[in-house]
């Protein structure tokens with residue numbers, strides 16, 4: 001049964017990584033133009049991302065968990081950039097942000113799901129153990145089946161929650177980033193890239209310190225410090241919101257600057273039109289004055305002509 005459970009977990013891992021690849025091709029395709037028009041373009045991106053992520057996931061240990069974490073994070077970012085350059089045209093400054101934001105959102109989603117669902121699952125397993133002790137569950141085989149079903153159900157729920165949170169977060173970034181053809185300046189790129197990189201580094205730190213090996217097995221850091229069970233999800237959620245609202249704030253600034261520039265141009269056009277109207281009024285005023293003078297002159301000439309004809 002253990003080998004079957006292990007196989008099921010492996011299948012879940014592969015499916016989850018492929019679905020993350022789907023989210024990646026949706027995310028990159030919303031900003032970058034693909035190199036080919038093939039209908040299988042998205043599948044290629046999914047396959048390449050899935051294969052590279054599984055290779056990174058199953059890297060052998062280095063002996064130093066912190067070194068392994070940094071190495072995997074850097075390798076993952078490089079993989080995302082190479083994927084973007086291979087399957088999408090050109091390399092823009094926004095590509096750096098896309099790679100960092102995708103990796104940060106994926107890590108944040110994974111940690112949020114892990115931390116928030118870890119305690120309920122442990123409580124559920126304790127309930128099954130209590131049922132066995134009380135005689136509610138009388139068969140060892142039934143107990144083993146219940147445990148396996150609970151573990152598999154928890155894994156399915158975790159992977160589904162991870163993919164859903166990842167997709168909705170990326171969709172939020174795509175929706176908030178309205179000016180996709182806007183050429184980023186260096187300071188603008190740094191302003192939106194900083195939040196993604198800081199979130200990514202926090203996840204790398206959390207991956208290093210979250211698990212500790214004790215005499216009785218692997219222990220979560222919040223088991224030793226229960227307050228972290230509230231603090232860590234709060235920081236992760238704020239990190240995710242900082243990426244989403246950082247993009248929104250940047251886009252609102254771009255929109256306001258564009259509106260301000262348009263208003264300045266419009267004000268200059270209105271000023272030019274007002275000057276033109278004033279000049280035309282002066283010309284019309286001169287024409288009316290000339291017409292009045294000519295009318296008086298013609299009147300005098302007619303009067304003189306009439307007097308001459310009488311004589």
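Beta carbons closer than 7 Å, at least 6 apart along the sequence or on distinct chains, pair a first residue in the stretch 19-37 that is touching a residue at least 40 places away in the same chain (Cβ under 8 Å) with a second that is surrounded by fewer than 19 Cβ atoms within 10 Å (Cβ to Cβ) and in a loop (DSSP other than H, G, I, E, B) for 31/180; 32/89; 33/89; 35/89. Criterion applied to 278, 234 was being out of contact with any helix residue (DSSP H, G or I) (no Cβ under 9 Å at 6 or more places or on another chain) and under 20 Å from residue 108 (Cα atoms), and the one residue passing it is 234. Of all residues in the stretch 139-162, those that are free of Cβ contacts under 8 Å to residues at least 60 places away in the same chain have Cβ atoms under 8 Å from Cβ atoms of residues that are surrounded by 14 or more Cβ atoms within 10 Å (Cβ to Cβ) and outside any helix (DSSP H, G or I), 6 or more apart or on another chain, in 143/137; 146/137.
A Cβ distance below 9 Å, combined with a sequence gap of six or more or placement on separate chains, defines the contacts here; from the stretch 82-100, residues that are on the phi > 0 side of the Ramachandran plot and in a loop (DSSP other than H, G, I, E, B) reach residues that are modelled with pLDDT under 90 and loosely packed, with under 14 Cβ neighbours inside 10 Å in the pairs 90/33. Residues that are surrounded by 13 or more Cβ atoms within 10 Å (Cβ to Cβ) and farther than 28 Å from residue 170 by Cα do not occur anywhere in the stretch 252-270. Set side by side, the residues 213, 218, 146, 151 differ, and just one is surrounded by 15 or more Cβ atoms within 10 Å (Cβ to Cβ), modelled with pLDDT under 85 and out of contact with any helix residue (DSSP H, G or I) (no Cβ under 6 Å at 6 or more places or on another chain), which is 151. Considering 305, 204, which residue is touching a helix residue (DSSP H, G or I) at 6+ places or on another chain (Cβ under 6 Å) and in a helix (DSSP H, G or I)? The unique qualifying residue is 204. Select from the stretch 154-173 the residues that are surrounded by fewer than 16 Cβ atoms within 10 Å (Cβ to Cβ) and at pLDDT 90 or above and write down the one among them that is farthest from the chain's Cα centre (by Cα). The extreme case among them is 160.
Let's see how each residue does on (1) under 24 Å from the mean Cα position of the chain (by Cα); (2) free of Cβ contacts under 8 Å to residues at least 12 places away in the same chain:
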position	(1), (2)
231	yes, yes
255	yes, no
268	no, yes
277	no, yes
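Going by what's in this entry, would residue 269 be described as farther than 30 Å from residue 119 by Cα and in contact with a helix residue (DSSP H, G or I) (Cβ under 9 Å, 6 or more places away or on another chain)? No; evaluated as a whole, the condition is false for this residue.
Scanning the stretch 234-244 for residues that are closer than 20 Å to residue 208 by Cα and crowded, with 18+ Cβ neighbours inside 10 Å turns up 236, 239, 240.
If you check 64, 57, which single one turns out to be loosely packed, with under 15 Cβ neighbours inside 10 Å and either at pLDDT 90 or above or under 17 Å from residue 19 (Cα atoms) (or both)?
Unique residue meeting the criteria: 57.
The values are calculated or read from the model by the stated rules, or taken from the named source; none is laboratory data. What you see is a predicted model; the values in this text were computed from it and never measured. Cβ coordinates were reconstructed from backbone atoms using ideal geometry, including for glycine residues, and neighbour counts include every protein chain displayed.
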